[in-house]
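Here's the structure we're looking at; comments come further down.
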Ligand code: HEC
């Protein structure tokens, strides 16, 4: 079947031009008016890009740019711009205008995948038109609310993952490869911190978060989350996210204690993906820890497993008696919330005490969540994403008993660390959320009101993957870039109010 357009129909060629197509034979028009079927004799396309080329490219152009039918890149949607409307357009088609109804030929979840694909292609297209100036060191850049300058605070690092200020002039930074360094007066220690536990660094495994105890000034405790290498009963190399705390003396971690460690039978093959590994303390002093689902998808729904969860602990590792599943014999008592894929951002909002997390979606479907006690965040039953291969996961994006994200991103940005800005250097940023992203390489500002996202801005991009953004005691923001930590502060020439 050679797709064509119904007779005498005006179609957009590109967004501006309108042409009238010659009449096509009646039989073909009839065929088009009915439900679409897959072209006979052709193998069933098994991934979204192939499926697009086979079923849609003839009319919408091989790059979605538009051909006989309209462009899918221009963000002009005559039949509705939201996901549900675009899904409906594909499912029901426009037989009267020459677009077949695909509902009976393509399963719903693959129609969902097609929408994600259209959004991805649209974003790629838009990115080509949108130019972000790469902020140069010490050159003033403008964002919506503030002018700022980026400068290298500490260079010579390798994939820094987290940063914590222990005192105004003393910080500690972790690197994925298993090293931590003290930074005194902005100077990186010559040697890594000694005494850290062994760290699995294969695949996405590594040394993750470092956070001081809320009462660090008095008790000296510093917490580390990392991929813990172990051997299981069969002698296989396995690993999972573990938390230790210790005190720092003479560039060495001493008085080490394990705060969280899962049972070895719950560890999965060493290396691999999705460890989570973010930590956050609430105002009452409870410690929250994210553990990703290690690629196991449906395990995130299993309350008997530690993976795909947010856990809540006392500062010394004891499990609080008032945790939501503490009295459920089939559940792990440390679980606070579940159905998470891989949360690599976790932050409490000062003032409200609300807990926010970012969660890596698959291809499409990165999420910002408001994490609440005992709730199910739905992975992999509901998601706004599809598999990396372009294979569909599901068309279900919401379900009773499962939480909706506050916002989601299609295509994925690869959302990582988050932080609330509370400093004085950027008064109009006060109380706002900052988001570090990997694939998109963007630093985003997110404005929340009453737990809802009301505005977003890309502050900058083009400086490489950003793993985390951390507020400093000096009121500056510190962004963890691939080989350095950058300081974001008002331009020296811009008088701080
Ligand atoms: C035979 C030609 C033809 C084929 C094949 C076709 N379309 Fe269309 N499509 C059209 C026409 C004609 C329209 C309505 C007018 C327009 O937007 O150009 C349309 C409209 C749409 C719309 C709504 C656009 C809007 O502005 O709201 C979407 C979405 C869409 N098509 C997606 C697809 C997808 C996905 C496929 C492949 C599964 C596909 N189409 C295959 C001809 C086609």
Kindly evaluate residue 55 against the criterion of being in contact with a helix residue (DSSP H, G or I) (Cβ under 6 Å, 6 or more places away or on another chain), buried (at least 19 other Cβ atoms within 10 Å of the Cβ), over 26 Å from residue 423 (Cβ atoms) and free of Cβ contacts under 8 Å to residues at least 60 places away in the same chain. no
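Working carefully through the options 57, 69, find the one that is under 23 Å from residue 125 (Cβ atoms), touching a strand residue (DSSP E or B) at 6+ places or on another chain (Cβ under 6 Å) and near the ligand (Cβ under 9 Å from one of its atoms).
Criteria check complete, one pass: 69.
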Can you name the number of the only condition in (1) part of a loop (DSSP other than H, G, I, E, B); (2) surrounded by 17 or more Cβ atoms within 10 Å (Cβ to Cβ); (3) free of Cβ contacts under 8 Å to residues at least 60 places away in the same chain that residue 434 fails? (1)
Applying the selection to the range 89-130, what residues are surrounded by fewer than 13 Cβ atoms within 10 Å (Cβ to Cβ) and near the ligand (Cβ under 10 Å from one of its atoms)? 96
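I'd like to check which strands (runs of 3 or more DSSP E) are fully inside the range 292-374 and have at least 2 residues that are over 21 Å from residue 213 (Cα atoms) and within 21 Å of the chain's Cα centre (by Cα).
335-338, 355-359, 366-370
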Evaluate the following for residue 86: is it within 7 Å of the ligand (Cβ to nearest atom), modelled with pLDDT of 90 or more and assigned to a helix (DSSP H, G or I)? yes
Test of understanding: among 279, 240, 287, which residue is at pLDDT 95 or above, in contact with a helix residue (DSSP H, G or I) (Cβ under 8 Å, 6 or more places away or on another chain), surrounded by 23 or more Cβ atoms within 10 Å (Cβ to Cβ) and not assigned by TED's automatic domain parsing to the domain that holds residue 417? 240
Which one of these is touching a residue at least 24 places away in the same chain (Cβ under 8 Å), part of a strand (DSSP E or B) and within 30 Å of residue 316 (Cα to Cα): 164, 205? 164
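What number of residues within the range 249-267 are assigned to a strand (DSSP E or B) and over 17 Å from residue 207 (Cα atoms)?
As a first pass, look at the range 249-267 and keep what is assigned to a strand (DSSP E or B): 249, 252-260.
Add one more test, that the residue is over 17 Å from residue 207 (Cα atoms), and what stays is 249, 254-255.
So the count comes out to 3.
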Regarding residue 457, is this residue crowded, with 22+ Cβ neighbours inside 10 Å, under 28 Å from residue 163 (Cβ atoms), within 17 Å of the chain's Cα centre (by Cα) and touching a residue at least 12 places away in the same chain (Cβ under 8 Å)? no
Is there any pair linking a residue in the range 91-115 that is assigned to a strand (DSSP E or B) to one that is more than 9 Å from the ligand (Cβ to nearest atom), with Cβ under 8 Å and at least six apart or on different chains, and which? 101/34; 101/35; 101/91; 101/92; 101/95
Out of curiosity, is residue 458 farther than 25 Å from residue 377 by Cα and part of a strand (DSSP E or B)? yes
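Rundown of residues vs (1) under 25 Å from residue 273 (Cβ atoms); (2) without any contact (Cβ under 8 Å) to a residue 24 or more places away in the chain; (3) assigned to a strand (DSSP E or B); (4) in contact with a strand residue (DSSP E or B) (Cβ under 8 Å, 6 or more places away or on another chain), yes/no style:
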{"residue": "393", "(1), (2), (3), (4)": "yes, no, no, yes"}
{"residue": "405", "(1), (2), (3), (4)": "yes, no, no, yes"}
{"residue": "413", "(1), (2), (3), (4)": "yes, no, no, yes"}
{"residue": "439", "(1), (2), (3), (4)": "yes, no, no, no"}
{"residue": "444", "(1), (2), (3), (4)": "yes, no, yes, yes"}
{"residue": "447", "(1), (2), (3), (4)": "no, yes, yes, yes"}
Name the pairs: first residue in the range 215-235 and without any contact (Cβ under 8 Å) to a residue 60 or more places away in the chain, second residue surrounded by 13 or more Cβ atoms within 10 Å (Cβ to Cβ) and assigned to a helix (DSSP H, G or I), Cβ to Cβ under 6 Å, at least 6 apart or on different chains? 230/264; 232/264
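The values are calculated or read from the model by the stated rules, or taken from the named source; none is laboratory data. From a predicted model like this one, the values you see are computed outputs, not experimental measurements. FYI the Cβ positions are ideal-geometry reconstructions off the backbone, even for glycines, and counts take in every protein chain you see.
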